[in-house]
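Notes follow once the structure below has been shown.
The values are calculated or read from the model by the stated rules, or taken from the named source; none is laboratory data. Nothing here was measured: the structure is a model prediction, and the numbers come from that model. Cβ placement follows ideal geometry from the backbone for every residue including glycine, while neighbour counts extend to all protein chains displayed. Areas reflect the complete protein model, heavy atoms only, side chains present, ligands, DNA and RNA absent. Shrake-Rupley method; radii C 1.70, N 1.55, O 1.52, S 1.80 Å.
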Amino acid sequence: MPLIPDAAAFQKRLASLPLRTYQPGEFVFAARTKTGQLLILKNGAVAIVKGGMEIAKVAEPGAVFGELSALLDQPHTADVRALEPSQFYVADAAALLVKDPTALLYIAAVLARRLDGANQVLVELKSQLQAGQPPSVIGKTVEKIEGLLGAPVGASLVYAGYPSDPFA
């Protein structure tokens, strides 16, 4: 088995997990709650909301929710709300991560990619600040960082964006 499993290998292992369906507007996770669960998107779309602001929409099958809460043994850091009927595979986080090395490696690899991407964009932001770039350019770079750091594991983001430039 390769050290970094691909999404297809991870998704094959999900078939034995129970499914849970959420309707539009329902909370999948609420910030500051602790569920001990990992939810893996089978189909549908959700919004990620932090501090009352939608920071991302996720519709990528295989996106994992609850990984930071599980790995850090902390409450969830954002609200996750269904935008359309959405199905999730549901796993007990501790059991899955201890018993399934493929799941653990999948999550670790995507978290590492997310951190690497955030580091690269942080370097870009520092360069923009040193070069005196306009606030609108800097604001877009900050949005990239937010998306990278706030995205569920395995997600391809569709950025919600800000209603207006917060740096203007």
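Details
- One residue from A118, A78 being modelled with pLDDT under 85 and open to solvent by less than 70 Å² (accessible area, probe 1.4 Å): A118
- Just one of (1) in contact with a helix residue (DSSP H, G or I) (Cβ under 9 Å, 6 or more places away or on another chain); (2) touching a residue at least 60 places away in the same chain (Cβ under 8 Å) fails for V58. It is (1).
Yes/no matrix, rows are residues, columns are (1) open to solvent by 40 Å² or more (accessible area, probe 1.4 Å); (2) hydrophobic (A, V, I, L, M, F, W, C); (3) closer than 29 Å to K140 by Cα; (4) under 16 Å from the mean Cα position of the chain (by Cα):
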position: A8; (1), (2), (3), (4): yes, yes, no, no
position: S16; (1), (2), (3), (4): yes, no, no, no
position: L19; (1), (2), (3), (4): yes, yes, no, no
position: F27; (1), (2), (3), (4): yes, yes, yes, yes
position: L41; (1), (2), (3), (4): no, yes, yes, yes
position: F65; (1), (2), (3), (4): no, yes, yes, yes
position: S69; (1), (2), (3), (4): no, no, yes, yes
position: P85; (1), (2), (3), (4): yes, no, no, no
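- In region 135-168, the residue that is nearest to A109 (Cα to Cα) out of those that are open to solvent by less than 60 Å² (accessible area, probe 1.4 Å) and modelled with pLDDT of 75 or more is I145.
- Single match in K34, K57 (criterion: in a strand (DSSP E or B) and open to solvent by 10 Å² or more (accessible area, probe 1.4 Å)): K57
- Unmet criterion (only one of (1) surrounded by 15 or more Cβ atoms within 10 Å (Cβ to Cβ); (2) within 17 Å of I107 (Cα to Cα)) for K12: (1)
- Within region 111-129, at least one residue is on the phi < 0 side of the Ramachandran plot, free of Cβ contacts under 8 Å to residues at least 60 places away in the same chain and in contact with a strand residue (DSSP E or B) (Cβ under 7 Å, 6 or more places away or on another chain).
- Listed by first and then second residue, the pairs linking a residue in region 30-52 that is touching a residue at least 60 places away in the same chain (Cβ under 8 Å) and under 13 Å from A78 (Cβ atoms) to a residue that is open to solvent by 20 Å² or more (accessible area, probe 1.4 Å) and among the polar types (S, T, N, Q), with Cβ atoms under 9 Å apart and 6 or more places separating them unless they lie on different chains, are K50/T77.
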